[in-house]
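Remarks on the structure that follows.
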Amino acid sequence: MQRITLREVAHARTGDKGDTCNISVIAFEERQFDHLRQHVTVERVRAFLGDLVRGEIVRFELPNIGALNFVLTHALGGGVTRSLALDAHGKSLGSALLAMEIPAP
């Protein structure tokens, strides 16, 4: 089975609120959304990000814009004002997630 990286079919936007990171994975083309919905699951995201996320991961589907929104709790080392991490806002987590491999459509 041929595999591709997520960045070949989608882009990501990230945000933060305290120790919670929000990552939206947005399909480049509407026809790719169902493929993303099938292969970019909470379980796959947790396995891929590993110990970077210490809390719950919840996925929300936004089919009107072809996006999956992941809310990752306890993912930012306490949040911007508490974390010593270089990326306290979690912007690199969105980029990292795009390196995850999924089956080719």
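Assorted remarks:
- Residue in the range 48-57 that is aromatic (Phe, Trp, Tyr), touching a Pro at 6+ places or on another chain (Cβ under 7 Å) and crowded, with 16+ Cβ neighbours inside 10 Å present: no
- The residue pairs whose first member lies in the range 25-44 and is among the acidic types (Asp, Glu), whose second member is surrounded by 13 or more Cβ atoms within 10 Å (Cβ to Cβ), and whose beta carbons are closer than 8 Å, counting only pairs six or more residues apart or on different chains, are Glu29/Val9; Glu29/Gly66; Glu30/Gly66.
- Scanning the range 1-32 for residues that are under 13 Å from the mean Cα position of the chain (by Cα) and under 19 Å from Ala75 (Cβ atoms) yields Leu6, Ala12, Arg13, Thr14, Gly15, Asp16, Thr20, Cys21, Asn22, Ile23, Ser24, Val25.
- Test result for Val45, of a type in the set (Val, Ile, Thr), assigned to a helix (DSSP H, G or I) and modelled with pLDDT of 95 or more: yes
- The set of residues in the range 53-105 being more than 12 Å from the chain's Cα centre (by Cα), of a type in the set (A, V, I, L, M) and at pLDDT 90 or above consists of Leu62, Ile65, Ile102, Ala104.
- Among residues of the range 7-41, those that are part of a helix (DSSP H, G or I), surrounded by 15 or more Cβ atoms within 10 Å (Cβ to Cβ) and not charged (D, E, K, R), counted: 5
The values are calculated or read from the model by the stated rules, or taken from the named source; none is laboratory data. All of these numbers come straight from a predicted model, not from anything done at the bench. Heads up, the Cβs are rebuilt from the backbone with ideal geometry, glycines too, and the neighbour counts pull from every protein chain shown.
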